[in-house]
Each structure stands twice: as structure tokens, then as C-alpha cells.
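J.: One structure, as C-alpha cells, below. Some questions next.
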Amino acid sequence: MKKKIVLVLVALLIVIQFIRPTRNQSAAVSPNDISQHYTVPDTVAHILQRACNDCHSNNTRYPWYTNIQPVGWWMQHHVNEGKEELNFSEFAAYTAKRQNHKMEEVGEQIEKGEMPLNSYLWIHKDASLTVQEKAILISWTKDLRNKIAEKGPL
């Protein structure tokens, strides 16, 4: 009986390898990308690329282990949730009020240490933010909120 259960589980594990989520990768920068409408200093862009964009943009870097299911499904779930909350690739499509609110949330979550998620950092140690990087991002979000407010009423 145990042998049959093991064989069924192995067969199931093999079958699920063929059920893959759609990849979150785009070939070009979106016209609504935050960098197309607001100044994103090189230091900030580098931090965003390393620590944020995998889950908060239209271009995720997929490590080799995401080719193994169910790990790939778990990663895609994180990406989908992250993009639903904030998508830097579609930032300009948000209303000014929503842009302002999202930047406020980004600053608060970085300050509280809630972003990047601990579950993401388990396997992406390079996404961990230093105290200096946190200060850079928080300052940038405040500056960006001021620029958004200058454009018009919130």
C-alpha cells in the first residue's frame, strides 16, 4: 500500500511540472512606467531593481528553482499579489491621489521593515535593504509625493 502511495505521489509530482504559470516578463519599458513620468535617481533605480521590481513591476527575474512546481506557483502568487498592491510599470496609470497614497505606503512599509517581505528575503538575500538604502528610498518617496502634489489636486 505504501509503495502505491509513493508511486502516485511521484507521478503527481511529475505531472505538475507541466502546469506552469505565465511569466511576468515584458520586452519593453511600459509607457506608464514610473521612470517615464518622474525622476528616478540611479541609486533609487538600482535599489528598486534589486529589491522591489521582481514583485512590483512587469518584469520579474525568475531564478532556476521557479521552474520546479509548486515553487513556481508560489513565486507567481507573490508576484501577482505584489503587482496588485503596487506596479511601478503601470504607476502613471494611477490617479494622482492613488500615486500619492502608494508612495506614502512605500515609505511607511520600508520604515517599519515590512518590505521586502521576509518570505522573499529567505531566497533573495541580495534584496535586503541597508539602513542607508532605506533612508534613500524613504527620502525619494517623500520627494515624489511632493512632485505628485505639485501636478494637481489630490
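The values are calculated or read from the model by the stated rules, or taken from the named source; none is laboratory data. Computed from a predicted model, the values in this text were never measured in an experiment. FYI the Cβ positions are ideal-geometry reconstructions off the backbone, even for glycines, and counts take in every protein chain you see.
J.: Which of the residues that make up segment 90-105 are surrounded by fewer than 15 Cβ atoms within 10 Å (Cβ to Cβ) and not in a helix (DSSP H, G or I)?
T.: Of everything in segment 90-105, just one residue is surrounded by fewer than 15 Cβ atoms within 10 Å (Cβ to Cβ) and not in a helix (DSSP H, G or I), namely THR95.
J.: Do the conditions hold for ASN32, that is, is it within 14 Å of the chain's Cα centre (by Cα) and more than 16 Å from ASP143 (Cα to Cα)? Break it down stepwise before answering.
T.: Values: within 14 Å of the chain's Cα centre (by Cα): no; more than 16 Å from ASP143 (Cα to Cα): yes.
It is false that ASN32 is within 14 Å of the chain's Cα centre (by Cα) and more than 16 Å from ASP143 (Cα to Cα).
J.: Can you pull out the residues in segment 25-54 that are surrounded by fewer than 10 Cβ atoms within 10 Å (Cβ to Cβ) and not small (Gly, Ala, Ser)? Outline the logic, then answer.
T.: Going through segment 25-54, the residues surrounded by fewer than 10 Cβ atoms within 10 Å (Cβ to Cβ) turn out to be 27-28, 42.
Residue satisfying the conditions is ASP42 alone.
Residue by residue, here is whether (1) in contact with a helix residue (DSSP H, G or I) (Cβ under 9 Å, 6 or more places away or on another chain); (2) β-branched (Val, Ile, Thr) holds:
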| site | (1), (2) |
| --- | --- |
| HIS78 | yes, no |
| GLU84 | no, no |
| ASN87 | yes, no |
| LYS112 | no, no |
| ASN118 | no, no |
| ILE123 | yes, yes |
| ASP126 | yes, no |
| VAL131 | no, yes |
| THR141 | yes, yes |
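J.: Suppose we filter SER119, SER139 for residues that are at pLDDT 90 or above, over 18 Å from TYR94 (Cβ atoms) and of a type outside the set (Phe, Trp, Tyr); which single one remains? Even if it seems obvious, please write down each step before you answer.
T.: Values: SER119 fails: at pLDDT 90 or above.
When all the criteria are applied, what remains is SER139.
J.: Please name all residue pairs, on different chains or six or more residues apart, with Cβ atoms under 6 Å, provided the first residue is in segment 42-55 and is within 15 Å of GLU90 (Cα to Cα) and in contact (Cβ under 8 Å) with a residue 24 or more places away in the chain and the second residue is of a type outside the set (A, V, I, L, M, F, W, C) and surrounded by fewer than 17 Cβ atoms within 10 Å (Cβ to Cβ).
T.: From segment 42-55, the pairs are ASP54/ARG61; CYS55/HIS78.
J.: Could you say which residue among THR43, THR130 is within 25 Å of LYS151 (Cα to Cα) and at pLDDT 95 or above? Break it down into steps so the answer makes sense when it comes.
T.: Values: THR130 fails: within 25 Å of LYS151 (Cα to Cα).
Within the list THR43, THR130, the selection yields THR43.
Rundown of residues vs (1) modelled with pLDDT of 95 or more; (2) over 29 Å from GLU133 (Cα atoms); (3) surrounded by 14 or more Cβ atoms within 10 Å (Cβ to Cβ), yes/no style:
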{"position": "LYS3", "(1), (2), (3)": "no, yes, no"}
{"position": "VAL6", "(1), (2), (3)": "no, yes, no"}
{"position": "ILE16", "(1), (2), (3)": "no, yes, yes"}
{"position": "ASN58", "(1), (2), (3)": "yes, no, yes"}
{"position": "TRP64", "(1), (2), (3)": "no, no, no"}
{"position": "ASN67", "(1), (2), (3)": "no, yes, no"}
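J.: Determine which single condition THR22 fails, assuming it passes every other condition in (1) in a loop (DSSP other than H, G, I, E, B); (2) surrounded by 10 or more Cβ atoms within 10 Å (Cβ to Cβ); (3) of a type in the set (Ser, Thr, Tyr).
T.: The single condition THR22 does not satisfy is (2).
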